[in-house]
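The values are calculated or read from the model by the stated rules, or taken from the named source; none is laboratory data. Please read these numbers as outputs of a predicted model, since none were measured by experiment. Glycine also receives a Cβ, built like all others from the backbone with ideal geometry; neighbour counts cover every protein chain displayed. Only protein heavy atoms, including side chains, enter the accessible area calculation; ligands, DNA and RNA are left aside. Shrake-Rupley method; radii C 1.70, N 1.55, O 1.52, S 1.80 Å.
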Amino acid sequence: MRRLTMILMASSWICAALLWGGIVFAADTVADEPKHPTGTQQVVHGAYLARVGNCMGCHTTKSGQPFAGGRRLSTSFGIFVTPNITPDKETGVGLWSEEDFWQALHQGKSRDGRLLYPAFPYTEYTKVTRQDANAIFAYLQSLPAVSQSNPPHDISFPYNFQPLLAIWRALYFKAGVYEPNQSQSEVWNRGAYLVQGLGHCNACHSTRNVLGASQDDALTGGQIMGMNWYAPSLSSQLEAGVGDWAIEEIVALLKTGITKRAVASGPMATVIRQSLQYVSQEDIHAMAVYLKSLTENESGNAPGVSFSVMSGSLRKHLDLGGQLYEKYCQTCHGADGKGMPGIYPALAGNRSVTMKSPLNAIRSVLNGGYPATTTENPRPYGMPPFQQILRNEEAALVVSYIRNAWGNRGSLVTAVDVDRSKGGEY
Amino acid sequence: MMRCFILLVFFYITGVANAHGGTPVKVPDTMAERVKACIICHGAEDKVGRDAYYPRIAGKPQGYLFNQLRDFRDARRYYQPMATLLENMTDEYLLEIAQYFSALQLPYPAPEQIHMQPEEIKLAERLIYSGKPEKDIPACSACHGDILMGVEPAIPGLLGLSRAYITAQLGGWRNGGIMRGQAANCMSEIAQQLTDEEANAIAKWLASQSVSGKPSPFNVLSSELAHRCSQTILENGGEK
């Protein structure tokens, strides 16, 4: 159990799927883009900010009307259903004022005063300036009104109890617009504003406590609740910290989803497809500057544990994995684990493979996947799923192998780990 | 969270996989290379045994394939392993994939050996070639083509599919369940009119035919039937 909040985000992608009495609907949309806003400068700017905040990602079902809500976000607390935020007077936010909207985004309060669940990442959006919030509101109000009532949330006791939410807020939520750090550059501050605020990276990339709060603002990594993916720490070089990357490379990862040493998969691919690929060059550059600074001064890459020479039985064990690798994986990832840059990711020296949590690596092997289709990478190559081919024990062997071949090192993976990594969307 | 096994392995010289200097990966810039993730299930070879359920997709009308890909991606048709792969693809890319598979020629599998009673055969053939007017079921061949190999651009062929797969598809529409029952179209309406017995007989019969030929051109479709399926076929292959 961990944090609600972002879960939802995650959940965004997760959706209730099977958990939910067999009805499956996930949501997410590749649905039509709403038409380009025609109105004022403010509306155009608001449309851009809504992209950065990825409001549509959560507030639209798969193949549903943009911003009309209805997407189900499943979490350990129950299922949240996103509301309609088109300007329909009855079922949407047509009657809302700018001030009502500010209360929601900044304070996490609905128009009628009800406290909102942090499944809506107002815990991050609170850092957004009033001016930007107004622009987003103007954009939402310029959309076609869609009349669509969505079902209520289905939250389990005691999480459906509003006073509990009040306590949670007292403990974990602090409203407040982003305050620039005077000792840093303007670019750095812009990046921090976007990453901590609208970009709501923390919604996934942080540890979560029991009630679903982000522990802090540190982007320390965490398993996404309800989603069965691990969002690695952006503030550790052992995980997804980018302190030793060139700025251009960070920019390329965020914009295109793939670089020579990393590929964004699963929920992160969706974030890139729905949001980051549209972020302006200037803003994405600022985000990269800020992200880089989080681990810039961290040096050591060595994990704290060391171990002597491998025992013979261990080596045999890994050899079995090596045979599977040769049979199923080598054509793409190469005998040397170097893959093909920009097409098939290298597994040698890849932190997503060696990270302490083997969850994502296991999921990649079980489910396969394609990197996000983006303007810069419109025809990605794919990885096949192996769930239907490899038994749990075999998947464990091959993952253990890639975690320890070519100079990689990581803990061994068991069939039980593999079994636990199943389920959830993606 | 993910507790994994503890042993941290470290090795210096002993590396299991110090198989350096293997052949470097060569990656052709082709669609065939890009859809390798698909043909692990939809490939030509090894279509027996537990793989029997995977439907063939090569050579089917492009509009039909495109519709299915969008439906899987957008949760109108349910199969999680494919939804995962398609999740972040644009319509343009799906169309290109549909084009690729539509143009692909693969040998057809041998017909399944299925024992059928003479009455069952008669029942199946009557539905397939004459329909059942009292239930408003046109002949399957009126839409799926004389030779049942489909009609361009959006009606699939019915041959070369396994009995298990056909039964599951008809069942999905009839139960209105999650598999394929979410979006009503001309086919789901027809499937809902079939009895269990009829659906079974049809699935057995279709799976035991040998296959040859290509999809028929659109103009074989009567205007009435085209109209009935307009939602699926006309709008550029199927925006819902």
- Item | Per-residue mean of C-beta atoms belonging to partner chains within 10 Å, peptide A:330-339 | 5
- Can you spot the lysines whose alpha carbon is less than 20 Å from A:LYS127's alpha carbon? Ignore those fewer than 8 places along the same chain. A:LYS109, A:LYS174
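Going through the stretch A:360-426, which GluC sites (Glu not before Pro) have at most 14 other Cβ atoms within 10 Å and a DSSP loop state?
Taking the stretch A:360-426 and a limit of 14 other Cβ atoms within 10 Å, the loop GluC sites (Glu not before Pro) found are A:GLU376.
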- May I ask you to order A:65-71, A:248-254 by the average number of other C-beta atoms within 10 Å around their residues, highest value first? A:65-71, A:248-254
- What figure in square angstrom, to the nearest 10, would you give for the accessible area of B:GLU96 with a 1.4 Å probe? 50 Å²
- Query: Of B:SER208, A:SER142, which has the most accessible area and how do the rest follow, probe 1.4 Å?
  - Reply: A:SER142, B:SER208
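For peptide B:100-106, how many partner chain Cβ atoms fall within 10 Å of a residue's Cβ, on average?
0
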- Going from most exposed to least, what order do A:VAL177, B:VAL151 have by accessible area with a 1.4 Å probe? A:VAL177, B:VAL151
- Item | Violating pairs (Cα-Cα greater than 18 angstrom) within the set B:LYS122/B:LYS204; B:LYS135/B:LYS204; A:LYS327/B:LYS36 | B:LYS135/B:LYS204
- From largest accessible area down, sort A:MET340, A:MET56; use a 1.4 Å probe on the protein chains. A:MET340, A:MET56
- How big is the accessible area of B:HIS144 in square angstrom, nearest 10, if you roll a 1.4 angstrom probe over the protein chains? 20 Å²
- Show me A:286-298, A:109-121 ranked by packing, highest mean number of other Cβ atoms within 10 Å first. A:286-298, A:109-121
- Item | Accessible area that becomes buried as A packs against B, both chains, 1.4 Å probe, Å², nearest 100 | 5500 Å²
- Query: How much solvent-accessible surface does B:MET82 expose, in Å² to the nearest 10, with a 1.4 Å probe and all protein chains in place?
  - Reply: 40 Å²
- Wrap a convex hull around the Cα atoms of the stretch B:41-235, take a quarter of its surface area, and give that in square nanometres. 10.6 nm²
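If you put +1 on each Lys and Arg Cβ and -1 on each Asp and Glu Cβ, how big is the dipole of the stretch B:41-235 around its Cα centre, in Debye rounded to 20?
The dipole of the stretch B:41-235 has a size of about 180 debye.
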- Mean other chain Cβ within 10 Å across A:377-390 is 5
